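First up is the structure itself, then whatever we jot down about it.
The values are calculated or read from the model by the stated rules, or taken from the named source; none is laboratory data. Here the structure is a predicted model, which is why all the values come from computation and not from measurement. Positions of Cβ are backbone-derived with ideal geometry, glycine not excepted, and every protein chain shown enters the neighbour counts. Just so you know, the surface numbers come from the protein's heavy atoms only, side chains and all, with ligands and any DNA or RNA stripped out. Shrake-Rupley method; radii C 1.70, N 1.55, O 1.52, S 1.80 Å.
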Amino acid sequence: EKRIPKEDVLRIIDEKVDFSFINELAKPYYSRLGPIGYSPERLFRMLIVMYMENIPSERKLVEQLSVNIKYMWFTRTDLDSPIPDHSTFSVLRSRLTDKVFKEIFERIVSVIIDLGVAHPKSISVDSTSVLADVKLPHKEDENSIIEGSQILSPNDPDARYGRKSKSTGFFGYKTEIMVDNGSSAILNIDAKPGNVDDYKLEKGFVEDPVENGIRPEEAALDKGYDSYRVRRLLKDNNIKTAIPIRVHKYDHLDLYKIDAFKIDLKNKKAVCPAGEELEYAGFEKRKSNHMFVGVKCRKCKLRKKCTRYPLRQLYVNQDYLLKQEAIAFNSTEEYRAIFKKRSCVERVIGEAKRFHGMVRAKFRRLWKVKIQCYLTAIVINLKRTAKFFIGQQEGLLMARAGP
């Protein structure tokens, strides 16, 4: 007890955060019969040490728990106490699954908000690649699995080829992160296969934190999230959104864009630049598009500026007005002030990769990668808690030393 400094991060975390709730969450997954093993809380404390100190594997963690007195103190391990085998952590993951680890993460987010560490009014959302813990699969491999255009690894069939940019690809997963811009705490985190696009943001990723009492007022996202789906999702949750307008693959053509048409979705009318009304052709449910078709395009003098086909076909999403509102909002100072805060999530992603091992997946299969994400986010949030109280102590000392 005397050898652990008062300003040590693990000591402050131990004083400010009560982890006993983990035993209650895990209770339904343990039998009442048989000998008493390691408590879930103790094992979880050991995992905190592993991710906090970026220990690469559970085998190395067990070695460190045998020799490092600070780790022993934090994990409630006496000098004569037995250290769990590395396989104990595999059993813990399989028993609790990613569902319970997500509940633990959400409880700790609630704790840091109650402690005053985070005040989530402004958020940022972004994704980053996580490399799979397998070699790159090839068609020539004997055991490779072909699924459409994807070549899957038999050792990790959940991993997928994805793209960081037009010229750079990767094989693995994507991690989605929601960050509080004020405190840099992580409010939500999730993993998905590497080929899932950002604009397909899951509804629950935004709504789960809202259901847990987190009600942000503004959000900054990059242009990869520019879609009617994302804009509608955030607007329905009363979040003012700063997302750049994405340039689509046909926008470079010297043809009339949708903005050149006068559109009235309420009355299902569209008028072309030549002043002619288009015929309403129905509603495409799969993409939520209203379809309009030109009637007099063949004889129109503006046809070469409007379409390369005999008739102009116009597809208007039912949330078309959201895009028009975004175009107007993106020219304001308020938009620039919100979007500027997006650098916060990039710093957090860099921290997670550089100091907590999120460059590469530690495990195989999506549900295990999700557990890695939750533990990484928990550790970063605990670091924010320690920094918050260290700052308070330093402020108190400065106040006492003042005139």
Practice prompt. Select from region 13-41 the residues that are in contact with a Ser or Thr (Cβ under 7 Å, 6 or more places away or on another chain) and closer than 19 Å to residue 380 by Cα and write down the one among them that is most open to solvent (accessible area, probe 1.4 Å).
Written response: 16
Discussion item. Quick check on region 128-152: of everything there that is under 25 Å from residue 189 (Cα atoms) and not aliphatic (A, V, I, L, M), which residue is nearest to the chain's Cα centre (by Cα)?
Written reply: 128
Worksheet item: Any residue at all in region 148-160 that is part of a helix (DSSP H, G or I) and surrounded by 14 or more Cβ atoms within 10 Å (Cβ to Cβ)?
Response: no
Item to complete: Answer with yes or no whether residue 343 is of a type in the set (S, T, N, Q), at pLDDT below 95 and part of a helix (DSSP H, G or I).
Response: yes
Discussion item. Tell me whether region 118-129 contains one or more residues that are at pLDDT 90 or above, part of a loop (DSSP other than H, G, I, E, B) and open to solvent by 20 Å² or more (accessible area, probe 1.4 Å).
Written reply: yes
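Residues are listed down the side, and each one gets a yes or a no for (1) among the small types (Gly, Ala, Ser); (2) within 18 Å of the chain's Cα centre (by Cα); (3) part of a loop (DSSP other than H, G, I, E, B):
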{"position": "214", "(1), (2), (3)": "no, yes, yes"}
{"position": "234", "(1), (2), (3)": "no, yes, no"}
{"position": "241", "(1), (2), (3)": "no, yes, no"}
{"position": "245", "(1), (2), (3)": "no, no, yes"}
{"position": "267", "(1), (2), (3)": "no, no, yes"}
{"position": "270", "(1), (2), (3)": "yes, no, no"}
{"position": "280", "(1), (2), (3)": "no, no, no"}
Discussion item. Cβ-Cβ under 8 Å, sequence separation 6+ or interchain: first residue in region 191-206 and closer than 17 Å to residue 372 by Cβ, partner crowded, with 17+ Cβ neighbours inside 10 Å and of a type in the set (Lys, Arg). Which pairs?
Written reply: 191/174; 191/370; 192/174; 193/160; 193/174; 194/160; 194/174
Worksheet item: Quick check: is even one residue across region 216-232 open to solvent by 20 Å² or more (accessible area, probe 1.4 Å), more than 20 Å from residue 319 (Cα to Cα) and not small (Gly, Ala, Ser)?
Response: yes
Discussion item. I need the full set of residues from region 177-204 which are open to solvent by 10 Å² or more (accessible area, probe 1.4 Å), outside any loop (DSSP other than H, G, I, E, B) and either touching a Ser or Thr at 6+ places or on another chain (Cβ under 9 Å) or farther than 24 Å from residue 228 by Cβ (or both), in order please.
Written reply: 190, 192, 198, 199, 200
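This table checks each residue for (1) within 30 Å of residue 335 (Cβ to Cβ); (2) more than 28 Å from the chain's Cα centre (by Cα); (3) touching a residue at least 24 places away in the same chain (Cβ under 8 Å).
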site: 34; (1), (2), (3): no, yes, no
site: 38; (1), (2), (3): no, yes, yes
site: 57; (1), (2), (3): no, no, yes
site: 122; (1), (2), (3): yes, no, yes
